2 protein chains.
Amino acid sequence: MTLLGDTLAELTLALLKIPSETGSEGPIAESVLRRMETTTFGPRVLRHGNAVLTLPVADHRPVVALLGHLDTVPARQDGPPRREGNVIVGCGASDMKGALAVMLALAETLDPDSMWAQPMFVFYDREEGPYVENGLGPLLERFPETFARIRLGICMEPTSNAVEIGCLGTLHAHLTFHGQRCHSARPWEGKNAIQEAGSLLVDLAQRQPVDVWFGDLLYREVLSATMAFATGTRNVIPDVFALNLNYRFAPGKSLETAYQDVLDFVAGRAEVEFSDPCPSGPACLDNPLLKRFLTLSNVIVQAKQAWTDVARLGVHGIDAINFGPGDGKFAHQRNEQAPVDALEDAYHLLHRFFVEEFIA
Amino acid sequence: MTLLGDTLAELTLALLKIPSETGSEGPIAESVLRRMETTTFGPRVLRHGNAVLTLPVADHRPVVALLGHLDTVPARQDGPPRREGNVIVGCGASDMKGALAVMLALAETLDPDSMWAQPMFVFYDREEGPYVENGLGPLLERFPETFARIRLGICMEPTSNAVEIGCLGTLHAHLTFHGQRCHSARPWEGKNAIQEAGSLLVDLAQRQPVDVWFGDLLYREVLSATMAFATGTRNVIPDVFALNLNYRFAPGKSLETAYQDVLDFVAGRAEVEFSDPCPSGPACLDNPLLKRFLTLSNVIVQAKQAWTDVARLGVHGIDAINFGPGDGKFAHQRNEQAPVDALEDAYHLLHRFFVEEFIA
């Protein structure tokens, strides 16, 4: 194990030891603020709510933002944060405290005056909650000119150090099937709300993913029933059956079109109420800084088959990608883990990106 | 209003004022016992648990049992028991404290020595609960010879003074559809348990009632989904979907055949677990005492499209019918009510049945 690896491991463990479930990011924000204040970026760091960010200086270098969320999903009885050989284990290790450690290490080692680009560090809160409560929103509102200077945002979501382009949009449709209550010995006196849902469920099961290509990148639009509930008692024909549909849709599709897709599918078979719409994130394949990063790093490039804040930045006209050391398959799972090797790799790739002169 | 009507109304109100939700029948049993002890049947009345019954004397007259359950479903904020003009209002008025009042009035006015048949009064507990906890079961076990003497049982369930023959059997089938959890952005990595249920729900919706005729009587066998639940969260493809089916089946069909009907319908599409089987009640159309009652009373005769303790008596080889003054459409409803006229009619029909010499 290298000295850098040990440093990143220790940093990650220190962050894991500060619980930061969504909505409780105060202590970790304070800790990150203190740590950032000791770096050469210290004079330009500030805290806004439970977010911590650095403001770039006013020069003509392009600004590249590194964005990491401070919060985690609720812990899942993982035992204490710990190192087990080459992996760090703890709630949020992969999503995304390992990435936060990489950001802190970069802030501590990059020299602001010897780079062709300016890094901007954004640590924010409430990413794992609803779209409208996400902590990146208030920063975009409070610092619009600063964010407008960003030429590339790097959302350090777990991608195993691949570059994942764009992101799927997502929304929920609450379907209500209506019936009429009656005694279950005489069902013809009413209408069975559960049974009303049959044909729609058959259509859902038969619906194939809709493949949308951007160059070599494949996004798959999918619509799924995720929750179902019929209240009542077992000798009564139910008058209400509720079904939650989750729709994931590709970059380039507006929320309005996504709503219409769902309505077309439901085709009047149920009452529909939409909630928590999150737009898709644009696939910024032509961004010159992205091209530079890909040339230098030679990492795998793939479509992001999930939602991330790449979409929120896209809404504000900011090109962004997903790139981070965590492994998505451990995210939100028990005994979440991050390999120390991946933390090192992410550090090296980003460090090189910021300091190396560009050779076309 | 007649004196008899006032008496029956007062008796019903007195019973309504003693709450007797299933499992809490002690006070009403005590009250009925005290009242029965004052009648000419007093020497032969006894209490067994929360049931009260009279034992017939050992002579050769046929025994006709009048059976009424003391319990009610939970009250539904009905306000206090009261008389409103020609109706008595209160939880259990229809199902079946009005009928209990008729039974008490008969016990107080019938002369045991001047009847061609012997009435046997059975007031019992826990009818509104599960089949296996029903209070009639322990009586059948404790007094087998006495019950074996019954030539006709009259379950005084609410029938609006029609004779309702037999009864449907009922059982519940808990269906479990199994899937495999995964993130809802990549549903192809798992299997959606809710969507697995689609074809079965379509088949349920298309299934027509199966009509079973006994002479002019029509029973309709019906199978319905009554409860549905998929646990989980809205961004996860669910691995379990649970569905409760209620099956109502006609007289003459065994429980084993009923189970097989459900299994044939499900056809392996879900895991099936049966619960609370209640057999159907035989249609004893050839019973001579029933024929006599119908000739004398000239009431409407129809099939019982629901379950009652006629089935339990049938299991013990005892012919029984449903006949009572309550109105089924008010049963288990808020502001349950019973018309005083119907109480009087029931009293007169039964009184005449017991005392009048038979003219073929």
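What follows is calculated from the coordinates using simple rules that are stated; it is not laboratory data. None of these values were measured; they are calculated from a predicted model. For neighbour counting, all protein chains shown are included, and Cβ atoms are generated from backbone atoms with ideal geometry for every residue, glycine included.
Points 7 angstrom from Cα along the Cβ direction at A:A148 and A:E108: gap in nanometres?
Taking the simple label geometry, A:A148 and A:E108 are separated by 3.6 nm.
Residues of B:164-170, mean number of Cβ from any other protein chain within 10 Å of their own Cβ, rounded to a whole number?
1
Output the pairs from A:K97/A:K329; B:K17/B:K97; A:K97/A:K253 with a Cα-Cα distance over 22 Å in this structure; if there are none, say none.
Exceeds cut-off: A:K97/A:K253.
Taking each pair of different alpha-carbon atoms in the protein assembly as shown once, compute 1/r for the pair, average those values, and report the inverse of that mean as the Kirkwood hydrodynamic radius in Å to one decimal.
For the protein assembly as shown, the Kirkwood estimate is 30.6 Å.
In Å³ and rounded to a whole number, note down the convex hull volume per residue for the Cα atoms of region B:37-193.
Convex hull volume per residue, Cα atoms: 213 Å³.
By how many nm would the segment from A:R76 to A:E37 grow when fully extended, if each residue of separation counts as 0.36 nm and the alpha-carbon distance is taken off?
10.8 nm
Mind checking the mean number of beta-carbon atoms from other chains within 10 Å of the Cβ atoms in A:236-243?
Mean shielding by partner chains, rounded to a whole number: 3.
Counting pairwise Cα distances across chain B, what percent come out greater than 31 angstrom?
For chain B, the fraction of Cα-Cα distances above 31 Å is 40 percent.
Dipole size in debye (nearest 20) for chain A around its Cα centre, Lys and Arg Cβ +1, Asp and Glu Cβ -1?
Roughly 500 debye for chain A.
For region A:50-137, what is one quarter of the convex hull surface built on the Cα atoms, given in nm²?
Average of the hull's projected areas for region A:50-137 equals 7.5 nm².
With the radius of gyration and the Kirkwood radius both derived from the Cα set of region B:169-278, what is their ratio Rg to Rh?
Over the Cα atoms of region B:169-278, Rg/Rh equals 1.08.
Can you compute 3J(HN,Hα) from phi for each residue in region B:268-279, using the Karplus curve 6.51 cos²θ - 1.76 cosθ + 1.60 with θ = phi - 60°, rounded to whole Hz and x for Gly and Pro?
Ordered by residue, 3J(HN,Hα) equals x, 7, 8, 6, 10, 10, 8, 8, 6, x, 10, x Hz.
For an R0 of 60 angstrom, estimate the FRET efficiency from the Cβ-Cβ distance between A:H348 and B:H48 and round to the nearest 0.05.
Efficiency for this residue pair is about 0.10.
Picking from B:N287, B:A311, B:I154, whose Cα lies most toward the positive end of the charge dipole for chain B (charges on Cβ: Lys, Arg +1; Asp, Glu -1)?
Result: B:A311, furthest along the dipole toward the positive end.
Cβ neighbours within 10 Å, averaged per peptide: list A:328-334, B:22-28 in order, most packed at the top.
Highest to lowest by the protection proxy: B:22-28, A:328-334.
Considering chain B as a Gaussian network with a 10 Å cut-off on Cα pairs, which listed residue, B:P19, B:P119, B:P144, attains the greatest mean-square fluctuation?
B:P144
Starting from the Cα of B:D216, step 7 Å along the direction of its Cβ; do the same at B:S254; then give the gap between the two resulting points in nm.
3.3
How big is the shadow of the Cα convex hull of region A:255-360, averaged over all directions, in nm²?
Mean orientational projected area (region A:255-360, Cα hull): 9.8 nm².
If we restrict to alpha carbons, what Rg and Dmax does region B:107-199 come to, in Å?
Spelled out, the Cα radius of gyration and Dmax of region B:107-199 are 25.2, 81 Å.
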